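Okay, so here's the structure we're looking at.
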Amino acid sequence: MIEILSSTLRLATPLIFAAMGGFLCERSGIATICLEGVLLTSAWAGATVTYYTNPYLGVLAAIIVGAMTMALHALLTVKAKADQIISGVAVNLFAAGITPILTKLLFGSSTNTESIPLHARLYSPVLTLLAFLLPFLIHFVTYRTGWGLRLLACGDGPEALKTSGVSPAKVRYWALSIAGAIIGFGGVYLSTAHASQFTRDMTAGRGFIALTALIFGKWRPLPAFIACLFFGFTDALQIQLQSSPLLGNTFPVQALQIFPYLITLLVLVGFIGSAKPPLAIGKVE
Amino acid sequence: MSKYLSLKFLFLFVVGLFYSTSLLAQIKIGLALDKGGRDDKSFNAAAFKGATEAQKNLNIQLKTVESSDDISLEPTLRTFAQKGYPLVIAVGFVQKDAVEKVAKQFPKTHFVLIDATTEIPNVRSIVFKEHEGSFLVGAIAAMASKSQKIGFIGGMDIPMIRRFQLGYESGVKHINPQALVLTNYIGSSSDAWRNPTKAKELALSQYNKGVDIIFSPSGASGLGVFDAAEQTQKWVVGCDSNQNWVKPGQVLTSMLKKVDVAVYQAIELETKSSFQGGIFDLGLAESGVDYSLDEFNRSLLTPEIEKKINAIKINILNHKIIVPDFYLTMKKAKPS
């Protein structure tokens, strides 16, 4: 039982960071399907810098690269007024392409960076703790501060925000950059705390699962947090069931692996009702 | 002065001529790796090692391409063939269809296909009796295990990995029929070859259940199992390449699939113009598979274990021990 719990915490940590970053983006009125790409670039930066220097600079690098990758999405959508979904796809493809190229340049192979020894790796519970405090912080900032209210207004009625003298573009630049930095923690967690190196495409769809968790939580931070825990839990449960001698040897592997997705489908269909996205999302001004 | 200049030109000309003829004489070899990439420290790494050794010792020019996805396999092979590479080596069972298509279009080009078989005459298919090697490491695991709980984590759930699993389990049960073997699979899509974090979670869960040795044929995902072994100070069994050095002290032994030797031999045959197509099934008898023993695991494998395992090896060679082959059991199970 304790084992399922700790496995849940480990699996949920990157999801929480990604979902919270996604929350800020989407609430500012920018559809953001590039959580995956941002996770990937920051995971790469974290692993590479940790390998050459130390985990602290690694985290810093992941935050900066995460913010920069998300800023690219902001530039494309806010400044260039590109379609937000297309820009998201572009950022994902960019991340999937640039990381193996840089890995090859630095390490001679396009598939993985050099492994980081255990003592030089990040102490993962620190990041997990941070992931668990973050949703509350975001909840507070969003609903209790001026900046947060401007963010919400930007997502639901950028016109109204403009008439009150605040530039929606500015709010969005800030929101997306901060979101990128937050997702950077998730990336560096994946590559240097959970694993010991960056491997190509190591995010394996976590960015999209985080996005699902966000929608699942109806674009609110605390419910989205719970959803991330839930996804982490179903995955952990699946792993445990697979290796329990009673079920593992008789149950087909594939059936067990559908489990998290099946529960997601059931819950989405049955329980949450209609999830309404922020009103201005996806609209090009 | 002019004499000096002309001498200099003559010299340059001769050097140039010599250089270009030596380039011309070099045989161009194309090596197409699969998704794992040349640094998976395992299957592809073994192929790459064989090819680079050939480059060192034989007069060849080697070009290596890593395919980022399965769609780019066929164009890679075709490009090699079009550019006149006489020998193209395709590593990995995923390349089977691509090799078949391209080999038919370029019947004069020689192909090597590793880990899958085809009947096309200009293709040399090399497969390994993974079950025999897995049997050996399974027996070693059972002899070394204190808890008599032994783990297996496969990559993608495909018959080839099931073949590893069956051989491994039989090896364990050969030593101790009561031993418990826990089995996990990372996934059922090709992403399962590169999901080290998922592999690590599976491994941690097995170690926490009392397993003390895990064997993981899972491509680059296997690195996650090594991380878990390091973290919990338990043992892991390497796969395909000799991985004893990856985490010294944590790696009990490695199941060797001598892809490097097979690749080297194929290149050597090509340089001697004696390339042969056909299907080559390499097992213990052909030294295609083995277990590894070197300075990194010398202290882990006692002389007693070594003696026993060499006896088992001889018994397999004499057919006194028959290692079950998943491919055969699968065929039997199929309704005709």
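For the reader, a short list of remarks on this structure follows.
- Taking the C-alpha atoms of the protein assembly as shown, convex hull volume expressed per residue in Å³: 213 Å³
- Dipole magnitude of chain A about its Cα centre (Cβ charges: Lys, Arg +1; Asp, Glu -1), debye to nearest 20: 580 debye
- For the stretch A:13-210, dividing the convex hull volume of the Cα atoms by the residue count gives 100 Å³ per residue.
- Only protein heavy atoms count here; under a 1.4 Å probe, residue A:77 has an accessible surface of about 10 Å².
- Evaluated at q = 0.21, 0.23, 0.24 Å⁻¹, the base-10 log of the normalised Debye intensity for the stretch A:81-160, with identical point scatterers placed on the Cα atoms, takes the values -0.99, -1.01, -1.02.
- Note that the stretch A:5-109 carries a Kirkwood radius of 14.5 Å, evaluated over its alpha carbons pair by pair.
- Summarising the amide proton neighbourhood of residue B:280: residues at separation of 5 or more, or on other chains, whose placed amide H is nearer than 5 Å comprise B:125, B:126, B:127.
- Listed pairs B:49/B:332; A:81/A:276; B:173/B:209 exceeding 27 Å between Cα atoms: B:49/B:332
- Coordinate range along principal axes, alpha carbons of the stretch B:196-336, Å, largest first: 50, 44, 34
- Chain B, helix-only ellipticity at 222 nm - DSSP H runs n ≥ 4, -39,500 (n - 2.57), divided by all residues, nearest 500: -14500 deg cm²/dmol
- Per-residue mean of foreign Cβ neighbours for B:190-202 is 6 (Cβ atoms of other chains, 10 Å radius).
- FRET E, pair residue B:330, residue B:120, Förster distance 22 Å, beta-carbon r, rounded to 0.05: 0.40
- Rounded to the nearest whole Hz, the Karplus-based 3J(HN,Hα) values (6.51 cos²θ - 1.76 cosθ + 1.60, θ = phi - 60°) of the stretch B:188-193 follow the sequence 10, 10, 6, 5, 4, 6, with x at glycine and proline.
- Pair-distance distribution P(r) for the stretch B:138-193, from all Cα-Cα distances in 5 Å bins starting at 0: 5, 22, 29, 18, 14, 9, 4 percent.
- Helical content alone sets the calculated 222 nm signal of chain A at -24000 deg cm²/dmol, taking -39,500 (n - 2.57) per DSSP H segment of four or more residues and averaging over every residue.
- For residue B:298 and residue A:159, the FRET efficiency from 1/(1 + (r/R0)^6), where r spans their Cβ atoms and R0 equals 56 Å, is about 0.15.
- Spacing of the two label points (7 Å from each Cα toward its C-beta) at residue B:315 and residue A:89, in nm: 6.0 nm
- Here the Karplus curve 6.51 cos²θ - 1.76 cosθ + 1.60, taken at θ = phi - 60°, turns the phi angles of the stretch B:50-67 into couplings of x, 5, 5, 5, 4, 5, 5, 9, 10, 7, 10, 10, 9, 10, 10, 10, 9, 8 Hz, with x standing for Gly and Pro.
- All Cα-Cα separations within the stretch B:118-236 were binned at 5 Å from zero, giving a P(r) of 2, 13, 22, 21, 19, 11, 5, 3, 2, 1, 0, each value a whole percent of the pairs.
- Based on the convex hull around the alpha carbon atoms, the stretch A:136-179 presents an average projected area of 2.9 nm².
- Estimated inter-spin distance, residue B:72 and residue B:233, nm [label 7 Å along Cα→Cβ]: 4.3 nm
- Once both labels are positioned 7 Å from their Cα atoms along Cα-to-Cβ, the gap between residue A:3 and residue B:287 label points is 4.2 nm.
- Kirkwood-based Rg to Rh ratio, the stretch B:57-115, C-alpha trace: 0.94
- Taking the Kirkwood radius as Rh and the Cα radius of gyration as Rg, the stretch B:50-164 has a ratio of Rg/Rh equal to 1.09.
- Rg/Rh (Cα only; Kirkwood hydrodynamic radius) as it applies to chain B: 1.07
- Here residue A:137 and residue B:146 are evaluated by their C-beta separation; at R0 = 56 Å the FRET efficiency comes out at 0.75.
- Relative to the Cα centre, the charge distribution of the stretch A:92-187, modelled as +1 at Lys and Arg Cβ and -1 at Asp and Glu Cβ, gives a dipole magnitude of about 160 debye.
- Charge sum, other residues only, whose C-beta stays under 9 Å from residue B:30's C-beta, Lys/Arg counted +1 and Asp/Glu -1: +3
- Under 5 Å between amide hydrogens, built in the peptide plane, is the criterion, and for residue B:154 it picks out B:184, B:185, B:186 among residues at least 5 positions away or on other chains.
The values are calculated or read from the model by the stated rules, or taken from the named source; none is laboratory data. Source: prediction; values computed, not measured. Glycine gets a Cβ as well: all are built from the backbone with ideal geometry, and neighbour counts include every protein chain shown. What goes into the accessible areas is simple: the full protein's heavy atoms, side chains included, and nothing from ligands, DNA or RNA. Shrake-Rupley method; radii C 1.70, N 1.55, O 1.52, S 1.80 Å.
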